[in-house]
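Novice: Have a look at this one before I ask anything.
The values are calculated or read from the model by the stated rules, or taken from the named source; none is laboratory data. If you're wondering where the values come from, they're calculated on a predicted model, not measured in any experiment. Cβ placement follows ideal geometry from the backbone for every residue including glycine, while neighbour counts extend to all protein chains displayed. Side chains included, ligands, DNA and RNA excluded: accessible areas come from the protein's heavy atoms. Shrake-Rupley method; radii C 1.70, N 1.55, O 1.52, S 1.80 Å.
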Amino acid sequence: MQVLDIALLSVVCAIALLYCFLGSRFFRAIFTFTAFLAGLLAAYLIAGIYFTTLFARIAITLTGGLISAILFNQLQFAGRFITGVFAGFAIGILFAFLLNFSVFPLFFWDAVMVVSLVLGISAAVNKSVVLRASTAVSGAFIASLIVFFIISRGGSNADFKDIQSAKDAFNTVLAQYRYMIAGSTALLTLAGLFLQFFLTLRKPQKNDVLPYMMYLTPPLLEDPSQKQDPGPGRYFGKHVKLDR
């Protein structure tokens, strides 16, 4: 595996861990950053096809990243929907490999599709519990898969020649390390859920080292319809108000 591939996978793994542990808390910021990186990559690939000068490629790449970030920053419901759908498919993929992928009939994937859509729609309409669970599962699955991918495929130089070779490589890792990936995903998911619910439910104290950290990141911060009054007061509904 080339150094550039390892660096790219490491960045993706770090973002996945942010989703796992802080996904619902900082969803807007993390998803916007993810969209920016995805836009950079897509624009870079397109620029390499149609442009030859370095300046043009850099300009197109940055423009694509910024447009993607701005677009998805304003379409939070789309981001939550994608996260919920991906979490459903991640669970389905793990079950398929754990219980022997080849024996599942077609209705299994139909069921996975239905569950994924339900999770996606629930997260899109801002069901906080579903959003926390979806970000935790998605981040844990991606991080676990990448870690074992790097461990098992570290000497290969052919993993990312094209999409199909990358897909085949990841399928091989899933088949070979399915129990360890499933266990790691479950462990990280539980840890992520605990931290996300803890940050949501915990009430800040006067002597906290970072009392304003929770104040600036109330539950469902990504929902622009939820306002917050920074004035003095006590706890009010889902919003935290600090005593002065």
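Novice: Would you mind finding the one in 8, 17, 45 that is modelled with pLDDT of 85 or more and open to solvent by 40 Å² or more (accessible area, probe 1.4 Å)? Even if it seems obvious, please write down each step before you answer.
Specialist: Values: 8 fails: modelled with pLDDT of 85 or more; 45 fails: modelled with pLDDT of 85 or more.
Just a single option satisfies the conditions, and that option is 17.
Novice: Here is a follow-up. Do we have residue 67 as part of a helix (DSSP H, G or I), among the β-branched types (Val, Ile, Thr) and without any contact (Cβ under 8 Å) to a residue 12 or more places away in the chain here? Steps first, answer last, please.
Specialist: Working: part of a helix (DSSP H, G or I): yes; among the β-branched types (Val, Ile, Thr): yes; without any contact (Cβ under 8 Å) to a residue 12 or more places away in the chain: no.
The answer is no for residue 67.
Novice: Now, a different point. Among the residues that make up segment 157-178, is at least one of them at pLDDT 85 or above and assigned to a helix (DSSP H, G or I)?
Specialist: Yes, the conditions are met somewhere in segment 157-178.
Novice: I'm told residue 139 meets every condition in (1) part of a loop (DSSP other than H, G, I, E, B); (2) modelled with pLDDT of 90 or more except one. Can you identify the failing condition by its number?
Specialist: Checking residue 139 against (1) part of a loop (DSSP other than H, G, I, E, B); (2) modelled with pLDDT of 90 or more, the one that fails is (1).
Novice: Can you name every residue in segment 73-96 that is closer than 14 Å to residue 19 by Cβ and either touching a Phe, Trp or Tyr at 6+ places or on another chain (Cβ under 9 Å) or not in a helix (DSSP H, G or I) (or both)?
Specialist: 79, 80, 82, 83, 86, 87, 90
Novice: Further question on the same structure: Any chance you could count how many residues in segment 107-131 are modelled with pLDDT of 90 or more and either charged (D, E, K, R) or closer than 29 Å to residue 5 by Cβ (or both)?
Specialist: Looking only at that region, the number is 1.
Novice: Go through (1) without any contact (Cβ under 8 Å) to a residue 24 or more places away in the chain; (2) open to solvent by less than 20 Å² (accessible area, probe 1.4 Å) for residue 92 and report which single condition fails.
Specialist: (1) is the only condition that residue 92 fails.
Novice: Taking only segment 107-136 into account, find how many residues are open to solvent by 90 Å² or more (accessible area, probe 1.4 Å) and not in a helix (DSSP H, G or I).
Specialist: Number of matching residues: 2.
Novice: I'd like to verify a number: residues in segment 20-42 that are assigned to a helix (DSSP H, G or I) and open to solvent by 30 Å² or more (accessible area, probe 1.4 Å), how many?
Specialist: Final tally of qualifying residues: 12.
Novice: So for segment 12-19 (the condition being more than 30 Å from residue 182 (Cβ to Cβ) and not β-branched (Val, Ile, Thr)), does at least one residue qualify?
Specialist: Within segment 12-19, none of the residues are more than 30 Å from residue 182 (Cβ to Cβ) and not β-branched (Val, Ile, Thr).
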